[in-house]
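Read the structure below first, then the notes.
The values are calculated or read from the model by the stated rules, or taken from the named source; none is laboratory data. Quick caveat: nothing in here was measured; it's all calculated off a predicted structure. Heads up, the Cβs are rebuilt from the backbone with ideal geometry, glycines too, and the neighbour counts pull from every protein chain shown.
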Amino acid sequence: MMQPILVDLSDISNMQYQEELELQNDESVKTLFNIKLAMAWLCEETEIKYPNSTKCTRKLLLPFPSSYLAECGFSAVNDLLVKKNRLYITQCRDLRLKLTKLEPNIKSLCSKHQAQGSH
């Protein structure tokens with residue numbers, strides 16, 4: 001997905017097929033990706049024109065570490081160890097929440113929640 005112009009359209013779902021086809025034929029996007037490479041996925045222009053592709057690609061690209069993310073990770077680990085009384089960080093999954101920039105859709109999560117009946 002770093003070069004959407006080269007994506008094989010037979011490998012994607014029907015929902016994204018049309019959007020990817022348009023993306024591959026858009027000259028302004030080709031120019032943008034030639035200049036900015038993977039950073040083009042973070043541009044507002046790309047997000048407005050191709051929201052589904054942008055959303056999927058951001059989820060794939062954002063977890064890759066950068067020096068800033070690594071520093072934030074060390075700070076988050078230190079913070080969790082102090083506040084959580086040395087619990088196992090990998091089991092409580094708080095670290096992933098502290099490092100992501102994605103905002104949860106609370107309304108969607110609440111609407112999907114199923115109440116558990118009493119026994």
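One residue stands out among those in segment 48-66 that are touching a helix residue (DSSP H, G or I) at 6+ places or on another chain (Cβ under 6 Å) and among the polar types (S, T, N, Q): the one that is modelled with the lowest pLDDT, which is Thr57.
Every residue, every condition in (1) closer than 11 Å to Thr57 by Cβ; (2) modelled with pLDDT under 75; (3) under 18 Å from the mean Cα position of the chain (by Cα), yes or no:
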{"position": "Met1", "(1), (2), (3)": "yes, yes, yes"}
{"position": "Pro4", "(1), (2), (3)": "yes, yes, yes"}
{"position": "Asp8", "(1), (2), (3)": "no, yes, no"}
{"position": "Gln18", "(1), (2), (3)": "no, no, no"}
{"position": "Glu27", "(1), (2), (3)": "no, no, no"}
{"position": "Leu37", "(1), (2), (3)": "no, yes, yes"}
{"position": "Trp41", "(1), (2), (3)": "yes, yes, yes"}
{"position": "Thr46", "(1), (2), (3)": "yes, no, yes"}
